[in-house]
Structures are given as C-alpha cells and as structure tokens.
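Working notes, structure below.
The values are calculated or read from the model by the stated rules, or taken from the named source; none is laboratory data. These numbers were taken from a predicted model, which means no experiment stands behind them. No Cβ is skipped: glycine too gets one built from the backbone with ideal geometry, and neighbour counts run over all protein chains shown. Just the protein is used for accessible areas: all its heavy atoms, side chains included, with ligands, DNA and RNA removed. Shrake-Rupley method; radii C 1.70, N 1.55, O 1.52, S 1.80 Å.
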Amino acid sequence: ARSGCKATERVALEAGPLTQFVAAQHEQLRKLGMPVELKKGVINLLGEFVVCEVDDILTPERAKILELLGIKQAIFRIHLLAHWNKNSGFRELTQT
C-alpha cells in the first residue's frame, strides 16, 4: 500500500499480543499511532485498532503499518496494445 492511495479492504487488529513484531519495534509502532505496550518482551495492542476502512485515503503512517503487517493493497492492471517477438516483429493486438 502507498500513501495517498485508496484502501481496497478494511483492516482491523484485535486487542492482544502482536506476535508478528519484535520488542524492538515497540517504539516505531507507537510513533505510527498504534496503542501498544510492551509486556515481558511481547508487544500488546491495548484495544481494537482499525488501520483502514474500504476507500479510505491512506496516510503515510497507515501505509507503513500495512507494510509492516505484510498486507498489500495495490491493484495492478495492464492493457497490452502491442507486442514484439523475434520471429514476427512488431504486432498490434485487436481490442475486444
């Protein structure tokens, strides 16, 4: 996900331990706006945290949280108009 783009899905985290993060990331998560605390070396989310709703414009902080969670929200499309190959050279494609 990139900042300034629209979110394609709702992402919410439940309160409790965030085992996908290491203790050293605690301060980074706090700076990104997540309500977390460190208990016995495990990062805990203090309450439900909604990262984004569908069609929200992502802020840089929210985009970074999605990146840290490994959630990708980009849609990539390509419309091929022509192609080239060694044997037949350049060829335009018909649109359907």
Task: Residues being surrounded by 10 or more Cβ atoms within 10 Å (Cβ to Cβ) and in a loop (DSSP other than H, G, I, E, B) - total across segment 79-96 - done: 1
TODO: Could you list all residues from segment 23-34 that are surrounded by 15 or more Cβ atoms within 10 Å (Cβ to Cβ) and not in a helix (DSSP H, G or I)?
DONE: LEU32, MET34
Open item on the list: Every residue in segment 35-45 that is more than 28 Å from ARG2 (Cβ to Cβ) and either open to solvent by less than 30 Å² (accessible area, probe 1.4 Å) or not in a strand (DSSP E or B) (or both), please.
Closed with: LYS40, GLY41, ASN44
Task: Restricting segment 54-78 to residues that are in a loop (DSSP other than H, G, I, E, B) and within 12 Å of the chain's Cα centre (by Cα), the residue that is surrounded by the most Cβ atoms within 10 Å (Cβ to Cβ) - done: LEU58
